[in-house]
Amino acid sequence: MYNSFFQRNDAMKRLVKFFSHKKTVDKTSKIDEHFIPVFGLDLEKYINKGDLSGVHHLIRYIWAIKVISDLSVSNVLDIACGAGYGSYLIAKEFPNISVKGCDYDHEAIQYARKEYSLPNLEYKIGDGVQWKETIGNRMFDCIISFDTIEHILHREILMQNFVEHLHKSGALLFSTPCAQVDTLLRPEWVHHKIEYSAASLYDFLKRYFNIILRPDDNTLPHRDIFVQLNENNNVSYYLKMNPLFCKEPIVIANPYMES
C-alpha cells in the first residue's frame, strides 16, 4: 500500500542528521508543536518535495504498520498522537484492531476527531505522565511513542507508565531525536526538554525493557524501509537508536504501589 515510493531512483542522495522538529514552523506544521500532513498521507509527495520533516513523521507509521502486522495485537495506544494522522493510518490498515490516540493538547484532539475518524479509532485527551487519571488502567498489546519523550519533563514517570500498561508480551515502538554526540539538556528548539545521545538513551531505556531492537546493529524489524529510503531518495533517515522496537517490559515488585 505504501511501497510505491521505494521504486524511485533519484540520482541525488544526502545523509541528513535526524531532527524531528525545527526551530521555525513551516507550512507542514502545526497545532501547538504538532505536525500536520497538509499534503495528505501519501509519503511520496513529501519525498518529491524534499520535505524531511514530513517524510520522517509519515515513514515511522509506515514502519509501525509493518511491525504490527507481524505481532498478535488486539489493541494499540498511540501516545502523543498529535493531529491523529498516524493513529488513523494504523486503524485504517487494521480494522479489527482497537486503536486509541491520546494527546494532552485539546486542540490537537479536536482536530484529529474532525479529520481522521474511523469506527475502530478513539481519540482521547490524555497525559502520559498522569496516566491513570487521563488514560485509565487498560492494558495494551502495543504502545507507539514517536517523538514524545523529548517533550516530557518527568520522563521516568512516562516510562514507568509504559511498562505498567503493556502486556508482558507487548511492545513499545519508539523514536526520539538521537543524533547528538552528547546529550543536550537545553536543546535549541523550545518544545524539547532534552535530546539524547545514543549512549544515554540506550542506558535509560534498558532500565525499562529487557530487549531493545535497534537499526544500527541490524536487529530492528523491517529496517529495510528506512534503508531503501536512504538509498533511493534525496531525503534520509538517521538510523542510530531511532526508531526502536522495545519488548519484555520490566515491572519491579514495589511494596509501595497500590494494588
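The values are calculated or read from the model by the stated rules, or taken from the named source; none is laboratory data. Predicted model, so just to flag it, every value in this text is computed and none were measured. Note: ideal-geometry Cβ built from the backbone for every residue, glycine included; neighbour counts use all protein chains shown.
If you take the residues of the range 164-188 that are surrounded by fewer than 16 Cβ atoms within 10 Å (Cβ to Cβ) and assigned to a loop (DSSP other than H, G, I, E, B), which of them is modelled with the highest pLDDT?
Asp182
Only one of these conditions is not met by Leu153: (1) surrounded by fewer than 21 Cβ atoms within 10 Å (Cβ to Cβ); (2) closer than 24 Å to Tyr85 by Cβ; (3) in contact with a Lys or Arg (Cβ under 6 Å, 6 or more places away or on another chain). Which number is it?
Single failed check for Leu153: (2).
Tell me, which residue of the range 219-233 that is without any contact (Cβ under 8 Å) to a residue 60 or more places away in the chain and of a type in the set (A, V, I, L, M) is nearest to Leu43 (Cα to Cα)?
Start the filter on the range 219-233 by keeping residues that are without any contact (Cβ under 8 Å) to a residue 60 or more places away in the chain, which leaves 219-220, 223-224, 227.
Add one more test, that the residue is of a type in the set (A, V, I, L, M), and what stays is 220, 227.
Values: Leu220: 21, Val227: 15 Å.
Across the range 219-233, the extreme among qualifying residues is Val227.
If you go through the range 212-230 one residue at a time, do you hit one that is touching a Lys or Arg at 6+ places or on another chain (Cβ under 6 Å) and more than 25 Å from Ser53 (Cβ to Cβ)? Talk me through it step by step, then tell me what you get.
First, pick out the residues of the range 212-230 that are touching a Lys or Arg at 6+ places or on another chain (Cβ under 6 Å): 215-216, 220, 222.
Remaining after also requiring more than 25 Å from Ser53 (Cβ to Cβ): none.
The answer is no; no qualifying residue exists.
Filter the range 113-132 down to the residues that are farther than 24 Å from Ile194 by Cβ, surrounded by fewer than 21 Cβ atoms within 10 Å (Cβ to Cβ) and not aliphatic (A, V, I, L, M) and list them by number.
Arg113, Lys114, Glu115, Ser117, Pro119, Asn120, Glu122, Lys124, Lys132
Given the structure, is Ile36 surrounded by 21 or more Cβ atoms within 10 Å (Cβ to Cβ), modelled with pLDDT of 85 or more and closer than 23 Å to Thr176 by Cβ?
Numbers: surrounded by 21 or more Cβ atoms within 10 Å (Cβ to Cβ): no; modelled with pLDDT of 85 or more: yes; closer than 23 Å to Thr176 by Cβ: yes.
So Ile36 does not fit the description; no.
Among the numbered criteria (1) touching a strand residue (DSSP E or B) at 6+ places or on another chain (Cβ under 7 Å); (2) within 25 Å of Lys49 (Cβ to Cβ), which one does Phe209 miss?
It is condition (2) that Phe209 fails.
Which condition number does Tyr256 fail, the rest of (1) more than 30 Å from Gly50 (Cβ to Cβ); (2) touching a residue at least 24 places away in the same chain (Cβ under 8 Å); (3) surrounded by fewer than 16 Cβ atoms within 10 Å (Cβ to Cβ) being met?
(2)
Considering only residues that are under 22 Å from Asn137 (Cα atoms) and crowded, with 17+ Cβ neighbours inside 10 Å, which ones fall in the range 94-103? It would help to see each step written out before you state the result.
Here is the first cut: in the range 94-103, the residues under 22 Å from Asn137 (Cα atoms) are 96-103.
Answer for the range 94-103, where residues must be under 22 Å from Asn137 (Cα atoms) and crowded, with 17+ Cβ neighbours inside 10 Å: Ile97, Ser98, Val99, Lys100, Gly101, Cys102, Asp103.
Over 16 Å from Ile144 (Cβ atoms), among the polar types (S, T, N, Q), at pLDDT below 95 and surrounded by fewer than 19 Cβ atoms within 10 Å (Cβ to Cβ): which single residue out of Asn232, Asn210 fits that description? If you could, list the steps in order and put the result at the bottom.
Details: Asn210 fails: at pLDDT below 95.
Of Asn232, Asn210, the one residue that is over 16 Å from Ile144 (Cβ atoms), among the polar types (S, T, N, Q), at pLDDT below 95 and surrounded by fewer than 19 Cβ atoms within 10 Å (Cβ to Cβ) is Asn232.
May I ask you to list the residues in the range 58-86 that are without any contact (Cβ under 8 Å) to a residue 40 or more places away in the chain and surrounded by 24 or more Cβ atoms within 10 Å (Cβ to Cβ)?
Kept after step one, since they are without any contact (Cβ under 8 Å) to a residue 40 or more places away in the chain, are these residues of the range 58-86: 58, 69, 84.
Scanning the range 58-86 gives Leu58, Gly84.
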